[in-house]
Structure formats: C-alpha cells, structure tokens
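The block underneath contains the structure these notes are about, expressed in structure tokens.
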Amino acid sequence: MKPVLLDTGVIVALLDRSERFHRRCVDAIATIEAPLITCEAVIAESCYLLRKFKGAPEAVMANVSAGIFQVPFNLTSGAQAVQRLLRRYHDLKIDLADACLIALGEEFVTGDILTLDRDFLIYRWGRHHAFRPLIPLN
C-alpha cells in the first residue's frame, strides 16, 4: 500500500479543536488506511506551533512513538535532493519541511498528501508529477 504524506497544518488542526479545518482533518484521517509518513521538520514545526496547548507536543510525539506518524526521511542522505528543491522553489519561499516532504514523495513514489498548504498545488514531485491533496483546499 502506497503511503500518504503528512504535513504540519494537518497535525496542528488535528490537535487544535479551534482550528477551522479541525473537523475536515479528523474526517480525512479517519478514511486513510495507508501509512502516514512525514519528516522531522514537520514534527518539529508541529510541536512548536502546538507548544501553547498543554499536552499537544507530547501527543505529537506519542503518535510518532506509536508508529502512527512514521518518519522514514533521513536528511543526511536526502540533503542533496532537499538542496535542489530549495533552489528550485526559492521564489515560492519554500521551507525545509515542504522540501523534505517533496523529497519524501519522490523517494516513496507518491503524491498523496494530507496538507492544508496550497503550495502543494504548485509543487511537483519527480519533476512533473502533481501532488494529490486528500483534504479539499477550498
């Protein structure tokens, strides 16, 4: 089964009930049977953004520990690919987490992504493959 990429905004929305996309993210996650894969940059961003919510960063790490959020990306071996993507999308002000997710999509040959970031409508994996957001971005 092909994995699904997991972005920061979805993790934050899952744990912050006041987030306007909370319900949409909860519903989307409930339908996913494939493994959820992400990178350490996404986990770090999520923990940082959720730091004011008691227990939320710990919940993120509990999901990593339980294997619900899998982190197979290795920045050391993926550094050249990430560097290439940072250069390619510099004009879009791409961040490290997005570049790592694109590289992860290339590595696992998947464009299925749980994201709230409209930039993934522009980004391409494998040079020309469009991402397929599994949460409506409207």
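Determine which member of the set Ile113, Ile102, Ile94 is at pLDDT 95 or above, surrounded by 14 or more Cβ atoms within 10 Å (Cβ to Cβ), part of a helix (DSSP H, G or I) and not basic (Lys, Arg). Give the derivation first.
Values: Ile113 fails: part of a helix (DSSP H, G or I); Ile94 fails: part of a helix (DSSP H, G or I).
Criteria check complete, one pass: Ile102.
Out of all the residues in the stretch 74-83, is one or more closer than 20 Å to Leu134 by Cβ and exposed (fewer than 12 other Cβ atoms within 10 Å of the Cβ)?
The answer is no; no qualifying residue exists.
Anything in the stretch 1-24 that is assigned to a helix (DSSP H, G or I) and crowded, with 22+ Cβ neighbours inside 10 Å? List them, or say none.
Result: Thr8, Val10, Ile11, Val12, Ala13, Leu14.
From the list Leu96, Leu114, Leu75, Leu92, pick out the single residue that is out of contact with any Phe, Trp or Tyr (no Cβ under 6 Å at 6 or more places or on another chain) and over 26 Å from Phe21 (Cα atoms). Spell out how you get there, then give the answer.
Values: Leu96 fails: over 26 Å from Phe21 (Cα atoms); Leu114 fails: over 26 Å from Phe21 (Cα atoms); Leu92 fails: over 26 Å from Phe21 (Cα atoms).
Matching residue, one of Leu96, Leu114, Leu75, Leu92: Leu75.
The values are calculated or read from the model by the stated rules, or taken from the named source; none is laboratory data. Only a predicted model underlies this, so the values are computations on that prediction, with no experimental measurement involved. As a convention, Cβ positions derive from the backbone with ideal geometry for all residues, glycine included, and neighbour counts pool all protein chains shown.
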